[in-house]
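J.: I have a structure here, written as structure tokens, and I will follow up with some questions on it.
The values are calculated or read from the model by the stated rules, or taken from the named source; none is laboratory data. Just so you know, these numbers come straight off a predicted model, no measurement behind them. Neighbour counts run over all protein chains shown; Cβ positions are idealised from the backbone, glycine included. Side chains included, ligands, DNA and RNA excluded: accessible areas come from the protein's heavy atoms. Shrake-Rupley method; radii C 1.70, N 1.55, O 1.52, S 1.80 Å.
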Amino acid sequence: MKKIVIIILALSCCGISFGQQIEEYNRSSLYTITLLHSNDKMYNEIYTAAQDLSISDKYNDHSLNLRILLSDQLKGKVLADKDENALKIDQFLAANQIGKRMVAKWFNRNKETGAFDTETLIERGNYNISSIDLEKSMYTVMGKSCFNDADAELIPQTFVIVNDITYIDKEQNAQIAKTVLLGIADLAANIFGAGGVSGIVQNVSKLAASISDLVAGFTVDVRSYLFQLEWNPEISNKFYVDYFYNADNIDANKKAAFEADTTSFRMKYIGTFNARSEKTSPRGLYAPADVFRKVLARATDKNIVELQKQYDVFKVTSIVTGITDKNEIYVPIGLKEGVSEKSKYEILERVVDGADIKYVRRAVITPKNEAIWDNRYMAKEEGATNADLEQTTFTIQTQLAPVYAGMLVREIK
């Protein structure tokens, strides 16, 4: 079989900046799907709100057209057991060739001609080289390749999260609580007389009248399933050898071969996390739709944070954006990314060592509790403390080498 060597310019000629552009180079790509249950009481409201959710700006948006998945589209009954659900979702992703569609999106595949290009790789890798030059040089052996770096570091960091959202119906509990309180009010009136405890009876009655709204607030249970695109040297080589061609070299045989391949490109299951949405402040919310979006956005963001903590492969990186003369470090992450007074992060420097790329720890930092950015969904609208900040301020706990703007920041356990 003809072997194509996908290597181009030497790394030193690629124009990769190890300063501010590191954030873009290391950013993972994410596609989220919302799994809904059409028999849920709040199905219509959740469906509408889910359509408005966007990908976190800490990831490259790698979304496909499919954004909403109904439970009855999965084969068999959706079970409560997470492994059973993971298997059904995995089967759905495979049957709908999500892995191959993610690869096609990486290379901007033209549906009519089947041609690919490298514009997305260049954009996300911040290479100072044109798409045309990159494609023309794909068959040129010139040492360590920028393209290989992108292939090895960017494409494997492609993830799909399926958020299984279930509405928690609290109305029944609310009505029970309301009945109990009314019973207490009646009992107090009968024992002590309405005149002696009129204030108590009235207060209990008022509480009973309003408790339905308080207890039956909009709450959802979210179980998030994390999948990662399988991409290794063997799969990569097969793609470039058997399927890749650009608009100047249309190949009908390769087009047909790629479309017929249903097994080479898959999403592999990484893990899951389940949590219930927290009570949402009504401040800044002027319509029911705002409540639904806010609850869903914060619940799914919370699960993403927990998945990052559990699975190192999914950890998001940010960058140092500034350093003060007091050795305070500015990083554009906050409550949305799970930053708390107990959080601890490492500052890493990307070092090229021959053919290898290493990330070397230069410092350990912790956030200043009073300067943690509240960047949660609609935090500004509700007037949350520190919502107007644009980053979190950290202090250096351990310094092993000089730190400068542009270095990577990653959470540590």
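J.: Expressed as a whole percentage, what fraction of the accessible surface of the stretch 328-373 belongs to carbon and sulfur atoms when a 1.4 Å probe is rolled over the protein heavy atoms?
T.: Values: 940 of 2050 Å².
That fraction is 46 percent.
J.: Please tell me the relative contact order of the stretch 301-409 in percent, rounded to the nearest whole number, where contacts are Cα pairs under 8 Å and at least six residues apart.
T.: Values: 213 pairs, mean separation 35.9, N = 109.
Value for the stretch 301-409: 33 percent.
J.: Another one. Pairs K111/K268; K344/K380; K111/K380; K41/K344: which exceed 31 Å Cα-Cα? Don't skip to the end; give the middle numbers.
T.: Values: K111/K268 25 Å; K344/K380 26 Å; K111/K380 42 Å; K41/K344 41 Å.
Violating the 31 Å limit, Cα to Cα: K111/K380; K41/K344.
J.: Full extension from T321 to Q91: what is 0.36 nm times the residue separation minus their Cα-Cα distance, to one decimal in nm?
T.: Details: separation 230, 0.36 × 230 = 82.80 nm, distance 4.20 nm.
Result: 78.6 nm gained on full extension.
J.: How big is the accessible area of R124 in square angstrom, nearest 10, if you roll a 1.4 angstrom probe over the protein chains?
T.: Near enough 30 Å² of accessible area.
J.: Here is a further query. How much accessible area per residue does the stretch 277-387 have, in Å², with a 1.4 Å probe?
T.: Values: 5270 Å² over 111 residues.
On a per-residue basis, the stretch 277-387 sits at 48 Å².
J.: Nearest 0.05, what FRET efficiency do R350 and Q397 give at R0 = 25 Å with Cβ-Cβ as r? Let's see the in-between values first.
T.: Details: r = 22 Å, r/R0 = 0.86.
Result of the calculation: an efficiency of 0.70.
J.: Quick check on the stretch 222-371: take the gyration tensor over C-alpha atoms, sort the square-rooted eigenvalues as a ≥ b ≥ c, and tell me if it's rounded (a/c under 1.5), prolate or oblate. Walk me through the intermediate numbers first.
T.: Working: a/c = 2.53, a/b = 1.42, b/c = 1.78.
Cα axes put the stretch 222-371 in the oblate bin.
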